[in-house]
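Working notes, structure below.
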Amino acid sequence: MGRIEIPLGPQHPALKEPANFRLYLEGERIAASNVALGYNHRGVEKACEQRTYIEDMYLIERVCGICSHSHSSCFISAVEEIAKLEVPKRAKYIRMIIGELERIHSHLLWLGVAAHEIGFDTLFMYSWRDREVVMDILAMLSGNRVNYAINKVGGVRRDISEEQKEQVLKAVDILEERTRYYIDIVYSETTLIGRLKDVGKLSYEDAVRFGAAGPVARASGVDRDTRRDDPYLAYDEIPFNVITDDHCDVLGRTIVRAKELMESYKIIRFALKNLPEGDITTRSPRRIPAGEALSRYEAPRGEDVHYVRANGTDKPERVKLRAPTLANWASITNMLDGGYLADVPIVVAAIDPCISCTDRAILIRYPDSRNENLMDWNSLRKYSIDFYKNKGFNAKNIRMNIK
Amino acid sequence: MGNEETIKAALLQKFPQLEGKCEIIRQRRITLEVDRSRLIELLNFSCSELKFNILCTITGLDVGDDLQFIYHIANKEGIVMNVKTNAPKTDPVISTVLGIYNGATFYERELEDLLGAKVEGLPEGRHYPLPDNWPKGQYPLRKDWKPENINQQNKKEE
């Protein structure tokens, strides 16, 4: 049988973010595949070297739109380690609570995306509706639905009041009940099981060999979780279980994420109940003494790794970021090969890829382009307003009723 | 393998030349410096004997006349070893670790693209993370590199 080569992406309806796959098909089956990345490379690491630690906080928070708190906490832990800052316990707990809320928001988002990829749109709408509950809680605690900016060097920006505690606990109760229902679906709904079982296989050996991270690794039976193995913040004081599963397929990845939600509720309840009294921040220097630190953080998608080297000024010498998706890309071809073309969207979605995190672009015109002008922010804005005006839509004529 | 001290002792016994270059910087963090000719041997030993079988990432740095590479490897107990090695910019060649850590492809391509390292033994493939038509000889993470470099080079070519 002849082989057919199919390019998928970088822009494709089945992909939420740009990546490029070359799939070699024999009939409907994928005989070989390779992946190309970098379409979202923004030069964050270089930019960090040219900005102060305080500016970097804002930049790193924006490495990813979903796990923003993970990246900022990971970075800040490395900086605080170098500066030998003793972060108040209450601040550590608040960081942890926000971190777990973020995990809930990320896993619920994923569950919706995965359900949508397999055509189970009811589940998609349910889980995204429930996700609003946790988004509201995050907005209440931090002032924002995403990019919470709760961290600052030496502590956190906002405290959690008694009243807020009550509201978070109430929301967690609602979410827990909903999650029980989702776990029940994952174990009993025959169409879902039929669609996900034995799809995107990754054996235990391969998961270890290719260094898979997070729920992808745990769904292949790899018992690894940075929160337990290399505890940061105050995770060593909190009881929780590391969820693993031995399905080694997309179903396993779904089970692991659903069950991890339950663990997150447990952690939040415990942390709120045992929230230590005291300050939420400590004085921090503008200049960070020379030194280096490596910090690891279990983000919703797997392990974030940040390496920071300081040179005694107010700007870092080097900041290295590694997002969990990069670790999981190494095993993606392994999951695709041997499977069906129709399974590609769900297999890719099942590693919960976050390409912004992974690629971190340098905005430069193409070498072969004759155009000298780059579009700056103002001209881009003007372009978009004119574009819609030409279509007969003028934003100025719209009156909004804001209550 | 138990705690940090035992690991350090095991390393020093196998590689006496590490004396004075291996340090426990804090709980669960060990830093050591090794000559690039012994790098693969050391990583092999750490992976198979000391069970440091997780490659967290590889950091590349511009440290003046040299490029520095830090291999962050971890074990199941959460201990991380930062294995540093240097290569001069005039001869920035290091060997691939793919034989030990199969998932290292993207990390090593990143070193090639962003810092201009030559990773010996890394199979031919597409660029990461820079585009395929990125001009040759431009390494963004080198300290002397500025975005204007690209525009200048383009002018020259035109």
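The values are calculated or read from the model by the stated rules, or taken from the named source; none is laboratory data. Since this is a predicted model, take the numbers as computed values, not measurements. Glycine gets a Cβ as well: all are built from the backbone with ideal geometry, and neighbour counts include every protein chain shown. Note: accessible area is taken over every heavy atom of the protein model, side chains too, but ligands, DNA and RNA are not part of it. Shrake-Rupley method; radii C 1.70, N 1.55, O 1.52, S 1.80 Å.
Structure data summary
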quantity	calculated
Relative contact order (%) - segment A:69-148, alpha-carbon pairs under 8 angstrom, separation at least six	24 percent
Solvent-accessible area, 1.4 Å probe, carbon plus sulfur percent, for the protein assembly as shown	50 percent
Over 29 Å (Cα to Cα) - which of A:46/B:76; A:165/A:197; A:320/B:21; A:16/A:266; A:46/A:152; A:320/B:118 fall in this group	A:46/B:76; A:165/A:197; A:16/A:266
Average beta-carbon neighbours from other chains, 10 Å sphere, peptide B:57-64	5
Highest-fluctuation residue, B:46, B:37, B:95 considered, GNM on chain B with Cα pairs under 10 Å	B:37
Peptide A:327-340 - average C-beta neighbours from other chains (10 Å radius)	2
Folded to 0 to 90 degrees: helix B:4-14 orientation relative to chain B principal axis, Cα	80 degrees
Three-way shape call for segment A:207-365 based on the alpha-carbon gyration tensor, with the a/c threshold at 1.5	oblate
Long-range amide H partners of residue B:67 with built H, under 5 Å	B:87, B:89
Distance in nm between pseudo-label sites at residue A:286 and residue B:5 (7 Å out along the Cβ direction from Cα)	4.4 nm
Net charge of Cβ neighbours under 13 Å - reference residue A:86; Lys, Arg +1; Asp, Glu -1	+2
For segment A:15-155: accessible area per residue (Å², 1.4 Å)	32 Å²
Test item: B:28-35 mean partner chain Cβ contacts at 10 Å	2
Cα shape, chain A, gyration tensor, a/c 1.5 rule	rounded
Mean separation of Cα contacts under 8 Å (6+ apart) over length of chain B, as relative contact order %	16 percent
Simple Cβ-charge dipole of segment A:227-284, Lys/Arg +1 and Asp/Glu -1, about Cα centre, in debye nearest 20	240 debye
For the protein assembly as shown, size of Cβ-based charge dipole, Lys and Arg +1, Asp and Glu -1, in debye	1540 debye
Angle between chain B longest axis and helix B:105-115 axis [Cα atoms, degrees, rounded to 10]	50 degrees
Spacing of the two label points (7 Å from each Cα toward its C-beta) at residue A:34 and residue A:337, in nm	1.3 nm
Net charge contributed by nearby residues that have their C-beta within less than 11 Å of residue A:115 (K/R +1, D/E -1)	-2
Computed E for residue B:76/residue A:393 - FRET, C-beta separation, R0 60 angstrom, nearest 0.05	0.55
Environment charge at residue B:90 (Cβ cut-off 10 Å; Lys +1, Arg +1, Asp -1, Glu -1)	-2
Mean accessible surface per residue for chain B, computed with a 1.4 Å probe while every protein chain stays in place, in Å²	45 Å²
Dipole magnitude of segment A:58-178, debye to nearest 20 (Cβ charges: Lys/Arg +1, Asp/Glu -1, about Cα centre)	460 debye
Shape call, segment A:106-256: gyration tensor on alpha carbons, a/c limit 1.5	oblate
Relative contact order (%) - criterion: Cα under 8 Å, at least six apart; region: segment A:221-273	35 percent
A/B buried area, accessible surface, summed, 1.4 Å probe, Å²	4100 Å²
Listing of segment B:110-147 residues, each with accessible area lower by at least 40 Å² in the full protein assembly than in the chain alone (probe 1.4 Å)	B:110, B:126, B:128, B:129, B:133, B:141, B:143
Among B:120, B:77, B:148: highest mean-square fluctuation, GNM of chain B, C-alpha pairs under 10 Å	B:148
